[in-house]
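Below you'll find the structure, written out as structure tokens, and then a few comments.
Every read-out reported here was derived from the displayed coordinates using simple, explicitly stated rules and does not represent laboratory data. Predicted model only: the values in this text are computed from it and were never measured. For neighbour counting, all protein chains shown are included, and Cβ atoms are generated from backbone atoms with ideal geometry for every residue, glycine included.
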Amino acid sequence: MISQTIWLYFRFPFSLRMVEEMLAARGIVVSYETVRQWALKSGQESPTRFGGDCPAPETSGTSTKLQSGSPGVQHWLWSAVDQNGMVLDVLVQSRRDKRAAKRLLRKLLKRQCRAPRVMITDKLPSYGAAKREVMPDVEHRKHKGLNNRAESSHQPTRRRERQMKRFKSARQAQRFLSAHDQIANLFHLRRDHVTASEYRAARLRAFEVWADISGAAAAA
């Protein structure tokens, strides 16, 4: 039950009260506050059990405005995405300068086992300045058109931001998106160039992995 609740909350743009109502329709009576507590505890434990794979040959980086805290307060969501659209890491920061870019690159290197072969970004100067210090040997391509995967990765975040009527704080945004993106990665299944049976088999494997991860987290 906890696994199903967490999956619904992080996988789809549902509010806490929507999840509460969906569970009630199945005869499961829990409050939205219980859903929130489960998401805080088990939702943060589950992504850490995915493990860290070596980074893909290409990594795209981008940053976008994020409404958090008091009305009018803006933060920047920095994210690193591989060539398949999988989110490698996210970092919410108050600035969009060289120091902020260096924090993202260092966090990415710490989480992955080696630097990517190619880094693709838009023409924000902060990326180039940070890369020269953190990843001097990595090829850097700067072109907005090449960065579509990273830009597209922010669409689910925008949907959640609207549903939640902006994040309450930068800390809440970081905590939520760290879990949200890792769970979304697991179910990031492409439907083009595959048969229906292949897609269903991949989806079944994703559910099996999720059951194993969330079951272990819920039992902790």
Phi-derived 3J(HN,Hα) across the range 121-129 with the Karplus relation (6.51, -1.76, 1.60, θ = phi - 60°), rounded Hz, x for Gly and Pro, is 9, 7, 8, 4, x, 4, 5, x, 5
What is the sum of charges around SER169, taking Lys and Arg as +1, Asp and Glu as -1, for the other residues whose C-beta is under 14 Å from the C-beta of SER169?
+4
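Evaluate E = 1/(1 + (r/R0)^6) for ASP137 and CYS113, where r is the Cβ-Cβ distance and R0 equals 22 Å; express this FRET efficiency to the nearest 0.05. Let's see the in-between values first.
On the way: r = 16 Å, r/R0 = 0.72.
Efficiency computed from Cβ-Cβ geometry: 0.90.
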Listed by chain and number, the residues whose amide H is under 5 Å from that of ARG95, excluding neighbours fewer than 5 places away on the same chain and using placed H, are TRP76
Chain lengthening between SER31 and THR195 when straightened (0.36 nm per residue, less Cα-Cα):
55.0 nm
Which of the aspartates and glutamates could a cross-linker span from LYS41 if the Cα-Cα distance has to be under 15 Å and same-chain partners fewer than 8 positions apart are dropped?
GLU33
Radius 13 Å from Cβ of LEU189, net charge of other residues (Lys, Arg +1; Asp, Glu -1)
+4
Just want the ordering: GLU198, GLU20, from fewest to most Cβ atoms lying within 10 Å of their own Cβ.
GLU198, GLU20
So, over other residues within a Cβ distance under 14 Å of ALA202, counting Lys, Arg +1 and Asp, Glu -1, the net charge is +2
Take the cross-link list LYS98/LYS131; LYS98/LYS165; LYS107/LYS168 and give me the ones stretching past 19 Å between alpha-carbons.
LYS98/LYS165; LYS107/LYS168
